[in-house]
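The structure appears right after this line, and notes come after that.
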Amino acid sequence: MSDVPTSLPLVFAAPRRSKPPRHLADLDAAGRRTVVEDLGEPGFRARQLAHHYFVGLVDDPAAMTDLPAGSREQLAAALLPTLVTPVRTQVADRGTTRKTLWRMHDGALVESVLMRYPGRVTLCVSSQAGCGMACPFCATGQGGLERNMSAAEIVEQVVAGARALARGEVPGGTGRVSNVVFMGMGEPLANYRAVMGAVRRLTDPTPDGLGMSARGVTVSTVGLVPRMRQLADEGVPVTLALSLHAPDDELRDELVPVNTRWKVGETVGAAWQYADRTHRRVSIEYAMMRGINDQAWRADLLGDLLRSYGDWGWVHVNLIPLNPTPGSRWTASDPADEAEFVRRLQAKGVPTTVRDTRGREIDGACGQLAADG
Ligand code: SAH
């Protein structure tokens, strides 16, 4: 450090962040094979490990009895390090909503939420510790960004949920994760590479991945336009959700600060382009805030804006009743205003639903994840 000027301003000091250890879920099948061969093991062991992890949901080397006892520890150390450790699990809805707080190798904390419904299980995952997007109504946005998560750290949240379901730990009998939504902590498209790596591991056929349908995976974004365009070119038809929250730039500049960089028109245009390229219906997220963005005229403006791109069913609006966050000056809309907002959008031919909010009492609902220990 002797060559660093002592007057270096504090802002240049490295934040607490460090790269997580490599894990097999960071790599594709070829990458895993290379690691295994570099250890002097036959390449097919990579597939055996992947099978244990993605199919058996096992990461304890002692249980991998098809691997020679002498190689297990070395292989597991190279490709199955412990990445996340549960700190606490809170439940609601008679155990069918479970929020887990995870500690990562460097002490950074994130949360994931499992929600079981009749016939499906949705896992809401974090993609960053903290978030740099600074939306003022979101609890995660208040603490800033701590660090990006690795692909494997993201996948681990899903595998842990799958394990709990397979073991019958979630009321309703044994089950599987059917949907993954990137709606936990972080802005997924600001951690693009790792998020795409995770999406590929979720959707790669077993045993190379979890074998989920891309249709069951939703990536939610504040609207990072170049990344939305890139996502449309990936050939993985995940569902895209755009957190719009206002149909006009004046208000959206305040609610979603990244709007000062990419305006409503450009952002909605990129969402339309995504639907056009992938033939996947885009979801517009709109958190209903009393007296802020819930006026009838804004519903009309939103409806006209979305309809201006065509009426072939490219979009649907998902209204989210605002969930309270500490210190927030905003509250949820009056139910009558919400109903009128829905009515006006539907009258313009825009399919609109109101999200059933789960886990509010355990601070596990949209925008409430803060991982504050
Ligand atoms: N950064 C991504 C994904 C995380 S948030 C994004 O913004 O899309 C998932 C959704 O919850 C987003 O639509 C977000 O705007 C919304 N949200 C944030 N805070 C909320 C709150 N207090 N009440 C309701 N929804 C909220």
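The values are calculated or read from the model by the stated rules, or taken from the named source; none is laboratory data. Bear in mind the structure is a predicted one, so any value in this text is a computation, not a measurement. All Cβ positions, even for glycine, are placed from backbone atoms using ideal geometry, and neighbour counts span all protein chains on display. Accessible surface is based on the protein model in full, side chains and every heavy atom, while ligands, DNA and RNA are left aside. Shrake-Rupley method; radii C 1.70, N 1.55, O 1.52, S 1.80 Å.
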Worksheet item: Among 92, 173, 319, which residue has its Cα positioned farthest towards the positive end of the charge dipole of segment 84-372, with +1 placed on the Cβ of Lys and Arg, -1 on the Cβ of Asp and Glu, and the dipole taken about the Cα centre?
Response: 173
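Calculate the dipole size of the chain relative to its Cα centre from +1 charges on Lys and Arg beta carbons and -1 charges on Asp and Glu beta carbons; express the result in debye to the nearest 20.
Working: 42 positive and 42 negative charges, 123 e Å.
Taking the Cα centre of the chain as origin, the dipole is about 600 debye.
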Discussion item. Just want the answer: with Cβ charges of +1 for Lys and Arg and -1 for Asp and Glu, which residue in 341, 197, 284 is farthest toward the dipole's positive end in the chain?
Written reply: 197
Item to complete: Would you please state the base-10 log of I(q)/I(0) at q = 0.12, 0.16 1/Å for segment 79-230, with intensities from the Debye formula using one equal scatterer on every alpha carbon?
Response: -0.48, -0.87
Worksheet item: Cα to Cα, under 28 Å, and not fewer than 8 places away if on the same chain: which lysines meet these conditions relative to residue 348?
Response: 263
Worksheet item: Quick one: which of 149-155, 59-65 comes out on top by average Cβ neighbours within 10 Å, and what's the full order, highest first?
Response: 149-155, 59-65
Worksheet, complete the sentence: Reduced to Cα centres, the span from segment 99-117 to segment 304-373 in Å works out to 24
Worksheet entry | Carbon plus sulfur fraction of accessible area for the chain, probe 1.4 Å, in percent | 51
Worksheet item: Which FRET efficiency value, to the nearest 0.05, do you get for residue 253 and residue 356 by plugging their Cβ-Cβ distance into 1/(1 + (r/R0)^6) with R0 = 45 Å?
Response: 0.90
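Find the percent of Cα-Cα distances in segment 124-204 that exceed 16 Å, and round it to a whole number. Walk me through the intermediate numbers first.
Values: 1700 of 3240 pairs.
Counting every Cα pair in segment 124-204, those more than 16 Å apart make up 52 percent.
For a quick protection proxy, order the peptides 36-45, 133-142 by their average other-Cβ count within 10 Å, most packed first. Please report the intermediate quantities before stating the final value.
Working: 36-45: 14.6, 133-142: 21.4.
Put in order of decreasing packing, that is 133-142, 36-45.
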Item to complete: Can you tell me the alpha carbon radius of gyration of segment 76-138 divided by the globular rule-of-thumb value 2.2 N^0.38 Å?
Response: 1.35
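Determine the per residue accessible area of the chain with all protein chains present and a 1.4 angstrom probe, expressed in square angstrom. Write out the running numbers ahead of the final one.
On the way: 16280 Å² over 373 residues.
Ligands and nucleic acids excluded, the result is 44 Å² per residue.
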Worksheet entry | Intensity falloff of the chain expressed as log10 I(q)/I(0), Debye formula with alpha-carbon point scatterers, at q = 0.12, 0.13 Å⁻¹ | -0.92, -1.06
Discussion item. Tell me the volume per residue, in Å³, of the convex hull enclosing the alpha carbons of segment 175-313.
Written reply: 125
Worksheet item: Reported to two decimal places, what Rg/Rh ratio describes segment 24-79 when computed on Cα atoms with Rh from the Kirkwood expression?
Response: 0.91
Worksheet item: Which value in deg cm²/dmol, rounded to the nearest 500, describes the helix-derived mean residue ellipticity at 222 nm for the chain, given -39,500 (n - 2.57) per DSSP H run of n ≥ 4 and division by the residue count?
Response: -9000 deg cm²/dmol
